[in-house]
Amino acid sequence: MRFRQIEVFHAIYTTGSISGAARALHVSQPALSKVLQHTEQQLGMALFKRVRGRLVPTEEAHALATEAAEVFRRLTSLQKTASNLRFLTDGHIRLAVVPSLGLHIAPLAIARFRARHPQATFEVQTLHHDDLFRALYERSCDIAIGYDAPPHPRLKRRDLADGELVLMFRDQDLPDAGERIPLQALQDRDLVGLTTGGPLGDLFNRELQRLQVRVREVVSNQTFYIAAGLTRCGAGMSVVDEFTAQATGGAGLSYRPMSPPLGFKVQCMFLEDRPPSRLTEGFLKHFALALNERGGPDAG
């Protein structure tokens, strides 16, 4: 199939009609019908059947649709990359961070850096771990900062700081909390969990399994700061990174590290063939300093 045939097939499949596909592609219906007819003849199979005036995809069409969607995903990625290349300048830093670092650490580091380098400009986006490398690959960011990045042949990693997972709780729920909370103390407790845990969620779950601790996951969500908000409202305790805890703590809400400690690395990631610029290197020093400004265990 030529790309035009794939494009026509994909448009008909996603819109469900010749007329809808014609509007999406800004061409006439007869022209689209002709391309579809030629494609079916070339493949030697029907891709759509007309049922009660509607086009219904055949099983063969469903199979092709998966591959066509991948073609268009890669095309979209290529278009994004080409567009983003226009914004590569020495004085502009495009940063992607996980949401928990976007609450306080990234704003603090950017503000301090711009105070010393007012000519620098920034573009900031918060992404979950699975999307960080894609942002680098598509050139929509220059550097990405997250936790315990998995190895990748095109990816370079640099440690910026150490971090720990902590337990967030309302004071009334753990009135006698010590300096650290034994993980076994969570047995049969209500806990706010993560539906997409990423490396930190995996770290916590592995330790639960190792110690055979069972918790009741009463609410699932995708972001640490939402988990912290749910804890504040009384939905249950939550396990979050210490940076989220420092940024979201307040009166009546505390956090403690756990025992055994659940540590991780905060890492900067960049493509092997696109190392950080001199300006970006200076910014990373400010980011590392902000990361290492720790609050005490009662800071929550």
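Computed from the coordinates by the stated procedures, all read-outs in this text should not be read as laboratory data. Model, not experiment: these values are computed from the prediction. Glycine also receives a Cβ, built like all others from the backbone with ideal geometry; neighbour counts cover every protein chain displayed.
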Point to revise | Formal net charge of residues neighbouring residue 200 (Cβ-Cβ distance under 9 Å; K, R +1; D, E -1) | key: -3
Exercise for review: Using +1 at the Cβ of each Lys and Arg and -1 at the Cβ of each Asp and Glu in the chain, identify which of 56, 234, 220 lies farthest towards the dipole's positive end.
Suggested key: 56
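Rounded, prolate or oblate: which one fits region 163-264, using the alpha carbon gyration tensor with axes a ≥ b ≥ c (rounded when a/c is under 1.5, else prolate when a/b beats b/c, else oblate)?
Numbers: a/c = 1.28, a/b = 1.15, b/c = 1.12.
Rounded, because the longest to shortest axis ratio a/c is under 1.5.
Ranking request for peptides 50-63, 213-226: highest mean number of other beta-carbon atoms within 10 Å first, then the rest in descending order. Before the final figure, lay out each step's value.
Details: 50-63: 11.7, 213-226: 16.3.
Most protected by this proxy first, the peptides run 213-226, 50-63.
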Revision key, fill the gap. In terms of the alpha carbon gyration tensor, root eigenvalues a ≥ b ≥ c, rounded if a/c is under 1.5 and otherwise prolate when a/b exceeds b/c or oblate, region 4-60 is oblate
Review point. Where does the chain land at 222 nm, in deg cm²/dmol rounded to the nearest 500, when only DSSP H runs of n ≥ 4 count, each adding -39500 (n - 2.57), divided by all residues?
Key: -13500 deg cm²/dmol
Review point. Based on the Kirkwood radius over alpha-carbon pairs, what value in µm²/s does the Stokes-Einstein equation return for the translational diffusion coefficient of the chain at 25 °C and 0.890 mPa s?
Key: 109
Check your understanding: If you rank 280, 121 by fewest surrounding Cβ atoms within 10 Å, what's the result?
Key -> 121, 280
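Exposure proxy check: 15, 248 ranked by fewest other beta carbons within 10 Å?
15, 248
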Revision key, fill the gap. Extension length gain for residue 206 and residue 50 (0.36 nm per residue less Cα distance), in nm, is 51.0 nm
Study note, to complete from the structure: Here the membrane-span-like helices of the chain, with no claim about any membrane, defined by DSSP H, Cα axial extent at least 27 Å and mean Kyte-Doolittle at least -0.5, are 59-84
**Study point:** Label zone at residue 134, where the point sits 7 Å out along the Cα-to-Cβ direction: region 149-166 residues whose backbone N lies under 20 Å
**Key:** 149-156
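Suppose the chain between residue 170 and residue 285 were pulled fully straight at 0.36 nm per residue; how much longer would it get relative to their current alpha carbon spacing?
37.9 nm
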Check your understanding: Quick one: Cα centre-to-centre distance for region 223-300 and region 95-130, in angstrom?
Key -> 13
**Study point:** Dipole-positive endmost among 137, 268, 124 within the chain (Cβ charges, Cα centre)
**Key:** 137
